[in-house]
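Notes follow once the structure below has been shown.
The values are calculated or read from the model by the stated rules, or taken from the named source; none is laboratory data. Predicted model, so just to flag it, every value in this text is computed and none were measured. Counting neighbours? That spans all protein chains shown, and the Cβs are built from the backbone with ideal geometry, glycine included. Keep in mind that these areas ignore ligands, DNA and RNA; they rest on the heavy atoms of the full protein, side chains included. Shrake-Rupley method; radii C 1.70, N 1.55, O 1.52, S 1.80 Å.
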Amino acid sequence: MTEPDSFDERLRQRANRSHLLDTIPVDLEPHGNIPNTPLAASTISFALGALFSLGTALFLSGSHVCPWWATYQLGFFLAAWSAFHWGEFAVTAGWNRDKCSVDSFLLDNGATYHVANGSALVEYLITLYFKPSLKTFPYISQLGIALALSGQILRTAAMIYASTNFSHSVAFRKRESHKLVTDGVYSWSRHPSYAGFFYWALGTQLVLQNPVCFIGFAMTLWRFFSRRIRAEERALVQFFAEDYHAYRRRVGTRIPFIP
């Protein structure tokens, strides 16, 4: 390779290179509602880190501080929510960089998602203020913590194990590098990332001891994943034919009533 003849030529070559900090995914257009820039990614990470720190502080000291709302339950919810969204971006950046963008935070998930989480906070705080005795069942919250942590570990493991075969959006076109992953956590569940999120979300509502949102989350998520799995598996059957049929017969989803 010959050296550029002039300073202007070197500038042109430098301008044509993709920057190492760019988060431009391959074959996937970001939604565009959040700027897909390193500045946006770093700002979101800072905000999620601050919320995680606040949540962790409440979780560790919630029973020893004065404000009525400063509980370990609320602290865990805030920490779990912020850790989930940061982790989605971090794992994608580390193990699936070609699909990484600011959308990998999954913060642009639609109004329904944010209404659901906002409703969980409203139910918790209103009940805590007017009827705090309904939030005093520690074993329910402890079960929720275990379920949320297990769901998070399962989802993260699924994303890491599938690596470049994982996508936050359903793929309807088979890439050359696309492989059917059937071992590791995928030998236990056909869709461990979905199962992980399902149990993570229900766990957060058990922590908050939110009966209304627990039922609402369970129904909404079951309907969403039931439809998504059917659509995704139609594509997977086209991609892998009998191999996927055999895999589907052998391994369940591990989400209740979704075979």
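Details
- The stretch 123-193: trypsin sites (Lys or Arg not before Pro) falling in loop per DSSP and having at most 11 other Cβ within 10 Å: Arg173
- Selection among His178, Gln152, Thr127 by position relative to the dipole of the chain gives Thr127 as farthest towards the positive end (Cβ unit charges, Cα centre).
- Estimated FRET transfer efficiency (Ile24, Val212; beta-carbon r; R0 41 Å; 0.05): 0.50
- For the stretch 59-140: rounded, prolate or oblate by the Cα gyration tensor [a/c cutoff 1.5]: prolate
- Label-point gap, in nm, between Ser61 and Ile153 - each point 7 angstrom along Cα→Cβ: 2.9
- Across the chain the C-alpha pair distances fall into 5 Å bins from zero in the proportions 1, 5, 11, 15, 16, 14, 12, 9, 6, 4, 3, 2, 1, 1, 0, 0 percent.
- Cα gyration tensor category, rounded, prolate or oblate, for the stretch 183-241 with a/c compared to 1.5: oblate
- Max mean-square fluctuation residue, GNM over the chain, Cα-Cα springs under 10 Å, options Ala120, Ala93, Ala80: Ala93
- Three-way shape call for the stretch 34-89 based on the alpha-carbon gyration tensor, with the a/c threshold at 1.5: prolate
- Vicinal HN-Hα couplings computed from phi for the stretch 155-161 (Karplus, 6.51 cos²θ - 1.76 cosθ + 1.60; Hz; Gly/Pro x): 5, 4, 4, 5, 5, 5, 5
- Taking only the alpha carbons of the stretch 111-259, we obtain Rg and Dmax values of 17.6, 58 Å in that order.
- Residues of the stretch 87-109 with an amide N closer than 13 Å to a point placed 7 Å from the Cα of Ser177 along the Cα-to-Cβ direction: 93-100.
- Computed over the Cα atoms of the stretch 118-180, the ratio of the radius of gyration to the Kirkwood radius (Rg/Rh) comes to 1.26.
- C-alpha long axis of helix 7-16 to longest principal axis of the chain, angle in °: 50
- Evaluating 6.51 cos²θ - 1.76 cosθ + 1.60 at θ = phi - 60° for every residue in the stretch 200-209, the Karplus couplings come out as 4, 5, 5, x, 5, 6, 5, 4, 6, 6 Hz, glycine and proline recorded as x.
- Excluding ligands, DNA and RNA, the accessible surface per residue across the chain is 58 Å² with a 1.4 Å probe.
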